[in-house]
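Student: One structure, as structure tokens, below. Some questions next.
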Ligand code: TGC
Ligand code: FAD
């Protein structure tokens, strides 16, 4: 099949296993058949293409690294990364849905949940029959979630949840939300909030110029009665949600490479075909500088991610190492998208090409899951021992 040929300047494919390549190929085929033909219109209309959910489940994009016994796909971290890369080559918004479902919904239920919670939710989340979202950010607490106000009180046979979350991916249509809230002792816990619970609503956030093919919304809790069996009992404190973020940030480090690859590939093809002053613009030094720097940065990011993946497979990747890769790779992709847009001239602003959509999407990606500044400060703290937040 005539699938995307990813740039592989340093023969990194030699570092991948057969399984990695099979997983990547399946995702690539899905992107070509299901995502690429519809994504531009979905983004223009600001609609999440829900018809993709079942197929995303089938290719293992939901719960990639969750063990098969629990409904997941039982893959390693590099396979997870490659799925994120290929999906984001399609669109960051589709990758977002897979990141949230896998790392921020299934993973906390798997790691911190009860046997009953795992059985009830994981298999349905893995197939896409059920969709989840992750509520950490609040109107007044984004980079500093420790200050959150959302809280619950113990009422004997249930908890009473109050507060709100905003900028939550998938909120408008999610069946469940993993919500981080403080108990009476100001200790943070995760709760599974289910659609239909009285006092729980999810208004959609409109007018985004970025991630338009992803649905974003608020989570509002007005005296919501939460059954006690919906508390995630096995970890509390801010470290619980931050641990989930490590996994999602790892996936984004790979995903951003996909967006960059698509921009590079589009710009390279365009530069070879577009003739000005009697020559393809690819024969002009200024355009070669842009294209050369793109492939150089993509190659460096691929090496960073591959090594991080091997460390993560061994359980040795640190949070600070993950921050470095998320920060580097997203900025790399955003810069490449901006340069590629210029290579395409006026066509660069058109929805007939993917570049401007990637560029606008990446403006969210550089802000969510820890802003570019916060990841710098995490590295700064790691190397100096001083927290400068
Ligand atoms: P601090 O005092 O440093 O830490 C509190 C506790 O957490 C532990 N910890 C971690 N544990 C696991 N993984 C990590 N990465 C961890 N970082 C810290 C830490 O050891 C401590 O544990 P303990 O046992 O001592 O209590 O916390 P702080 O309040 O100073 O904050 C640190 C900071 C700024 C790094 C953190 O707040 C942060 O990362 N802020 C950024 C917030 C953020 O990333 N939000 C993302 C929201 S979700 C989202 O954007 C989804 S978009 C999804 C999509 O569509 O793809
Ligand atoms: P702020 O924290 O107010 O930051 C504003 C600016 O100040 C930034 O430039 C920041 O880097 C800077 N800044 C903050 N603190 C410092 C400091 N100490 N030193 C120097 N500079 C600093 N959240 C979820 O919980 N779940 C989701 O599913 C989710 N999905 C999202 C989807 C989209 C499309 C977007 C845009 C956001 C999403 N978020 C989600 C929220 C996201 O995680 C937050 O936007 C992010 O953490 C930053 O918080 P903030 O927007 O409140 O910015």
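Student: May I ask for the equivalent-ellipsoid semi-axes of segment 95-235, computed as the square root of five times each C-alpha gyration tensor eigenvalue and listed largest first in whole Å?
Tutor: 22, 19, 13
Student: Does segment 122-194 come out rounded, prolate or oblate, given a ≥ b ≥ c as the square roots of the eigenvalues of its C-alpha gyration tensor, rounded meaning a/c under 1.5 and, failing that, prolate meaning a/b above b/c?
Tutor: oblate
Student: Stick to the Cα atoms of segment 283-389, pair each with every other, and give me the Kirkwood hydrodynamic radius in Å at one decimal.
Tutor: Result for segment 283-389, one decimal place: 15.4 Å.
Student: Points 7 angstrom from Cα along the Cβ direction at residue 54 and residue 26: gap in nanometres?
Tutor: Taking the simple label geometry, residue 54 and residue 26 are separated by 1.7 nm.
Student: Take the Cα radius of gyration of segment 12-100 and divide it by 2.2 N^0.38 Å, with N its residue count; two decimals is plenty.
Tutor: Taking N as the residue count of segment 12-100, the ratio is 1.08.
Student: Given a Förster distance of 30 angstrom, what is the FRET efficiency for residue 275 paired with residue 313, based on the Cβ-Cβ distance and rounded to 0.05?
Tutor: 0.05
Student: Give or take rounding to whole Å, what are the principal axis extents of the alpha carbon atoms in segment 53-154, in descending order?
Tutor: Dimensions of segment 53-154 along the principal axes of its Cα atoms: 39, 34, 23 Å.
Student: Okay, moving on. By average Cβ neighbour count within 10 Å, what is the ranking of 86-96, 11-21, 326-336, 114-124 from highest down?
Tutor: Going by the mean number of other Cβ atoms within 10 Å, highest first, we get 86-96, 326-336, 114-124, 11-21.
Student: Using Cα-only point scatterers and the Debye equation, what is log10 of I(q)/I(0) for segment 168-224 at each q in 0.19, 0.26 Å⁻¹, rounded to two decimals?
Tutor: Per q value, in the given order, log10 I(q)/I(0) is -0.72, -1.05.
Student: Report the extension gain between residue 238 and residue 19 in nm, rounded to one decimal, defined as 0.36 nm multiplied by the number of residues separating them, less their alpha carbon distance.
Tutor: In short, 75.3 nm is gained.
Student: Oh, and also: On the principal axes of its Cα set, how long, how wide and how thick is segment 274-317? Give whole Å, largest value first.
Tutor: 55, 14, 8
Student: Among 65-71, 22-28, how do they line up from the highest to the lowest mean number of other beta-carbon atoms within 10 Å?
Tutor: 22-28, 65-71
Student: Now, a different point. Taking neighbour counts of Cβ atoms within 10 Å as a proxy for exposure, in what order, fewest first, do 2, 265 appear?
Tutor: Ranking 2, 265 by Cβ neighbours within 10 Å, fewest first, gives 2, 265.
Student: Return, for the Cα atoms of segment 132-172, the radius of gyration and Dmax in Å, separated by a comma.
Tutor: When restricted to the Cα atoms of segment 132-172, Rg and Dmax are 11.7, 34 Å.
Student: Still on this model: Pop the C-beta distance of residue 388 and residue 209 into the FRET formula with R0 = 25 Å and round what comes out to the nearest 0.05.
Tutor: 0.20
Student: What FRET efficiency, computed as 1/(1 + (r/R0)^6) with R0 = 41 Å and r the Cβ-Cβ distance, is obtained for residue 183 and residue 68, rounded to the nearest 0.05?
Tutor: FRET efficiency, residue 183 to residue 68: 0.75.
Student: What number in nm² do you get for segment 208-305 if you take the convex hull of its Cα atoms and divide its surface by four?
Tutor: Result: a mean projected hull area of 10.8 nm².
Student: Another question, then. Starting from a Cα-only point model with no solvent, please compute log10 I(q)/I(0) by Debye for the chain at q = 0.06, 0.12, 0.15 1/Å.
Tutor: -0.23, -0.89, -1.37
Student: Also, quick follow-up: Identify the residues of segment 127-144 with backbone N under 18 Å of a label point that sits 7 angstrom from the Cα of residue 373 along the Cα-to-Cβ direction, or state none.
Tutor: So the set is 137-144.
Student: Further, regarding this structure: Please work out how much length the chain gains when fully extended from residue 293 to residue 198, using 0.36 nm per residue of separation minus the C-alpha to C-alpha distance, in nm with one decimal.
Tutor: 28.8 nm
Student: What does DSSP give for the chain in terms of the percent of beta bridges that are antiparallel, rounded to the nearest 5?
Tutor: Expressed as a percentage, antiparallel bridges in the chain total about 85.
Computed from the coordinates by the stated procedures, all read-outs in this text should not be read as laboratory data. What you see is a predicted model; the values in this text were computed from it and never measured. Counting neighbours? That spans all protein chains shown, and the Cβs are built from the backbone with ideal geometry, glycine included.
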